[in-house]
Amino acid sequence: MKNVTLHVQGMSCGHCVKSVEGSVGQLAGVDQVTVKLDAGQVDVTFDDSQVSLDTIKETIEDQGYGVE
């Protein structure tokens with residue numbers, strides 16, 4: 001399992017948290033997703049043999065947020 005912290009722009013409310021946690025959490029290979037709204041961070045624990053970091057980033061971007 002890998003752990004990564006992504007810096008995400010544009011999240012401002014509880015709906016944003018649910019949107020990101022729900023979409024990323026549904027990806028095969030993702031074990032845990034935690035959004036830190038105040039810090040603009042998303043912590044993800046995932047199996048990199050099942051899902052790539054790029055796929056995780058694209059999933060967040062598809063929800064309308066920027067990822068660094």
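The values are calculated or read from the model by the stated rules, or taken from the named source; none is laboratory data. Everything quoted here is computed from the prediction, not taken from an experiment. For neighbour counting, all protein chains shown are included, and Cβ atoms are generated from backbone atoms with ideal geometry for every residue, glycine included. We work out accessible area using only protein heavy atoms, side chains counted, and drop any ligands, DNA or RNA first. Shrake-Rupley method; radii C 1.70, N 1.55, O 1.52, S 1.80 Å.
Taking only the Cα atoms of the chain, how large is their convex hull per residue, in Å³?
Working: hull volume 4.4 nm³, N = 68.
Expressed per residue, the convex hull around the Cα atoms of the chain is 65 Å³.
Hey, what's region 1-59 come to in accessible area per residue, 1.4 Å probe, Å²?
Numbers: 3340 Å² over 59 residues.
Spelled out: the 1.4 Å probe surface of region 1-59, per residue, equals 57 Å².
So what's the back-of-envelope 222 nm ellipticity for the chain, counting only DSSP H runs of four-plus at -39500 (n - 2.57) apiece and dividing by all residues, rounded to 500?
Calculated mean residue ellipticity at 222 nm is -10000 deg cm²/dmol.
Measure nothing but the geometry: give the 0 to 90° angle between the long axis through the Cα atoms of 14-25 and the longest principal axis through the Cα atoms of the chain, rounded to 10°.
10
Note down the nm distance, to one decimal, between modelled labels 7 Å out along Cα→Cβ at SER12 and at GLN63.
Between SER12 and GLN63, the label points sit 1.7 nm apart.
Around ASN3, with a cut-off of 11 angstrom between Cβ atoms, what is the net charge of the other residues, counting Lys and Arg +1 and Asp and Glu -1? All intermediate terms of the calculation are to be shown ahead of the outcome.
Values: positive: LYS2; negative: ASP31, ASP43, ASP48.
The answer is -2.
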